[in-house]
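Data block below; observations after.
The values are calculated or read from the model by the stated rules, or taken from the named source; none is laboratory data. Computed from a predicted structure; not experimentally measured. All Cβ positions, glycine included, derive from the backbone under ideal geometry; neighbour counts span all protein chains shown.
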Amino acid sequence: MEVRQARSQDRPSIRDVARRSLQTSYSLTPSAINGAVEEWYDENRLKDMLSDEDKSLLVAEADGQVVAFSESTQTDENTAELLWIHVDPNYRGEGYGEVLYERTRDHLAEKGVTSIQARVLADNAGGNTFYKDKGLSKVGEEEVDIDGTTYVENVYSEIEEEGIESLDLADRTVFIDHDNTERGSIAPFRVIYTEEDGKEIYGYWCTKCEDQANAMDAMGRIQCDSCGNARKPTRWDSAYL
């Protein structure tokens, strides 16, 4: 097995692997699969991906043939999203997915990434189990449009921190509670306290972009201006819709 960065001549093989993988892993209509492949991996988009320093395509070969690939994108200096790992159905169960996952993590680490998130459609039981087995935790859900139909996409993340951690801001030191979270649309928010005793809330920490989010308002809404991660209000608020 050889894993390497994708090249321009790999584009037809990447589309073929993606199509066969989607056909096997998802209960999508043929129209949805063809639409997804053409939208995500057409010639122009693949060309742009191969020239974009923030995007990574790694392929795995067997006997000189591309049989699997991973697609990831670096979202900021230290964070990346693993969008897809596709393995040709004829080569599943032979470790291609596991090797691609580890090589992708190594590749991203060389670019300075210290935290990854992974995405997989909710109805792909095998894909969800794969990321759970890798130690990632489900931190949110998003909706993705495929050929005009909306599907649920699960978001997984590496969560290692526990307990209280001090955080130095420009004007003061505050404390992040990694065990006290609020669910966000993309990733969890963690509560920030003014003191280590956890009595007074200072604000919220967005785990998606690792930045302070706006404080919760009277309706229970939290909004991160950096990445759009949001916690819906606890009561109906027409202004939020």
Of the numbered conditions (1) modelled with pLDDT of 85 or more; (2) surrounded by fewer than 17 Cβ atoms within 10 Å (Cβ to Cβ); (3) over 28 Å from Gly35 (Cβ atoms), Glu160 fails exactly one; give the number of that condition. (1)
Across segment 153-182, what is the number of residues that are in a strand (DSSP E or B) and over 17 Å from Ala230 (Cβ atoms)? 15
Search result, residues across segment 179-208 that are free of Cβ contacts under 8 Å to residues at least 24 places away in the same chain and of a type in the set (A, V, I, L, M): Val191, Ile201
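For residues in segment 10-40 being assigned to a helix (DSSP H, G or I) and either hydroxyl-bearing (Ser, Thr, Tyr) or outside the structural domain of Ile85 (by TED's automatic domain parsing) (or both), which is farthest from Val66 (Cα to Cα)? Working first, answer last.
Of all residues in segment 10-40, those assigned to a helix (DSSP H, G or I) come to 10-25, 30-40.
Subsequent filtering for residues that are either hydroxyl-bearing (Ser, Thr, Tyr) or outside the structural domain of Ile85 (by TED's automatic domain parsing) (or both) retains 13, 21, 24-25, 31.
On the way: Ser13: 6, Ser21: 13, Thr24: 17, Ser25: 18, Ser31: 24 Å.
The residue in question is Ser31.
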Pick from segment 136-175 the residues that are without any contact (Cβ under 8 Å) to a residue 40 or more places away in the chain and in contact with a helix residue (DSSP H, G or I) (Cβ under 7 Å, 6 or more places away or on another chain): which of them is nearest to Trp205 (Cα to Cα)? Tyr156
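Go through Val120, Val113 for me and flag whichever is more than 19 Å from Val3 (Cα to Cα), part of a loop (DSSP other than H, G, I, E, B), among the β-branched types (Val, Ile, Thr) and in the same structural domain as Asp52 (by TED's automatic domain parsing).
Working: Val120 fails: part of a loop (DSSP other than H, G, I, E, B).
After ruling out the rest, the residue left standing is Val113.
Is at least one residue of segment 30-40 touching a His at 6+ places or on another chain (Cβ under 8 Å) and in contact (Cβ under 8 Å) with a residue 24 or more places away in the chain?
Taking segment 30-40 and keeping what is touching a His at 6+ places or on another chain (Cβ under 8 Å), we get none.
The answer is no, given that none of the residues of segment 30-40 is touching a His at 6+ places or on another chain (Cβ under 8 Å) and in contact (Cβ under 8 Å) with a residue 24 or more places away in the chain.
For the structure I just gave you, tell me whether Leu50 is closer than 23 Å to Val155 by Cβ, buried (at least 16 other Cβ atoms within 10 Å of the Cβ), in contact with a strand residue (DSSP E or B) (Cβ under 7 Å, 6 or more places away or on another chain) and in the same structural domain as Phe130 (by TED's automatic domain parsing). Break it down stepwise before answering.
Working: closer than 23 Å to Val155 by Cβ: no; buried (at least 16 other Cβ atoms within 10 Å of the Cβ): yes; in contact with a strand residue (DSSP E or B) (Cβ under 7 Å, 6 or more places away or on another chain): yes; in the same structural domain as Phe130 (by TED's automatic domain parsing): yes.
So Leu50 does not fit the description; no.
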Filter segment 101-151 for residues that are crowded, with 17+ Cβ neighbours inside 10 Å and of a type in the set (S, T, N, Q); the one that is farthest from the chain's Cα centre (by Cα) is Asn124
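Among the residues in segment 85-100, are any under 26 Å from Met1 (Cα atoms), crowded, with 19+ Cβ neighbours inside 10 Å and under 14 Å from the mean Cα position of the chain (by Cα)?
Just the residues of segment 85-100 that are under 26 Å from Met1 (Cα atoms), to begin with: 85-100.
Then keep just the ones that are crowded, with 19+ Cβ neighbours inside 10 Å; that gives 85-88, 96-97, 100.
Still in the list and also under 14 Å from the mean Cα position of the chain (by Cα): 85.
Checked segment 85-100: at least one residue is under 26 Å from Met1 (Cα atoms), crowded, with 19+ Cβ neighbours inside 10 Å and under 14 Å from the mean Cα position of the chain (by Cα).
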